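Heads up, the thing below is written out as structure tokens.
Derivation of every value follows stated rules applied to the coordinates shown; laboratory data play no part. Quantities reported herein were computed from a predicted structural model and do not represent experimental measurements. Cβ placement follows ideal geometry from the backbone for every residue including glycine, while neighbour counts extend to all protein chains displayed.
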Amino acid sequence: MSVQAQEATQALIGAALLAAGRPVKVRELVPVLGLGEEATRRAVEAFGARLSGAGLGFELEAVAGGYRLVVPPERSARLAPLLAPPPLPALSTAALEVLAVIAYRQPVTRAEIEAMRGASAGTVVTLQERELVKVIGRSDAVGSPLLYGTTEKFLVEFGLRTLGDLPPLEGGDFSHLLRG
């Protein structure tokens, strides 16, 4: 590929990631770039390397099985006045506990969440409103209770590529994940 073609490809990658405003998977870029999957992956990685060396104030991040453009944390605090809407309040400890149970045990029913936490799983509604968890089916158990699982937004918000990137549990206990 000529230098001119490489520059055009990288410009198209940048435009696609900026326009999408969400993580874009390599397979979604294949038809846009007109390259094979492996060539597209190499082109995206080359774009990321070029971007990080350019010092433009944003970078490429691999998250939720795709790529997106992000502002590095060291610059984002200065941009707070420009960002809208204001960020949601932090999740409560109870909500984080429920989210951890769902993330590690999915698919999981509300009754299973309550049994693991020893308390009501009412925060599931809050997590659904924030689009961090969703109903992913019904259990075969009596009454066919709803099954909950995490969403792509969960991966994005917590900077995970896949659920496999979750930190390991220490003896099945979620409490160490909430220390800060």
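Structure above, values below:
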quantity	calculated
Whole-Hz ³J(HN,Hα) from phi, Karplus 6.51 cos²θ - 1.76 cosθ + 1.60, for the stretch 138-144, glycine and proline x	10, 6, 7, 5, 4, x, 6
Distance between modelled label sites at GLU59 and ALA94, nm, 7 Å Cα→Cβ extension	3.8
Principal axis dimensions, largest first and in whole angstrom, of the chain by Cα	62, 40, 32
Test item: Cα-centred dipole of the chain, Lys/Arg +1 and Asp/Glu -1 on Cβ, debye	260
Computed over the chain: relative contact order in percent, which uses C-alpha pairs under 8 Å that are six or more apart	17
Helical segments meeting 30 Å axial Cα length and Kyte-Doolittle 1.6 threshold in the chain (DSSP H)	none
Inter-site label distance for LEU166 and ARG117 at 7 Å from Cα along Cβ, in nm	1.5
Computed [θ] at 222 nm, deg cm²/dmol, the chain (DSSP H ≥ 4; -39,500 (n - 2.57); rounded to nearest 500)	-13500 deg cm²/dmol
VAL135, VAL156, VAL108 arranged by Cβ crowding within 10 Å, fewest neighbours leading	VAL135, VAL156, VAL108
In nm, spacing of pseudo-spin labels at LEU79 and VAL32 (7 Å Cα→C-beta vector)	1.8
Share of Cα-Cα pairs in the stretch 1-94 lying beyond 18 Å, as whole percent	51
Relative exposure of ASP165, ASP140, judged by other C-beta atoms within 10 Å (fewest first)	ASP140, ASP165
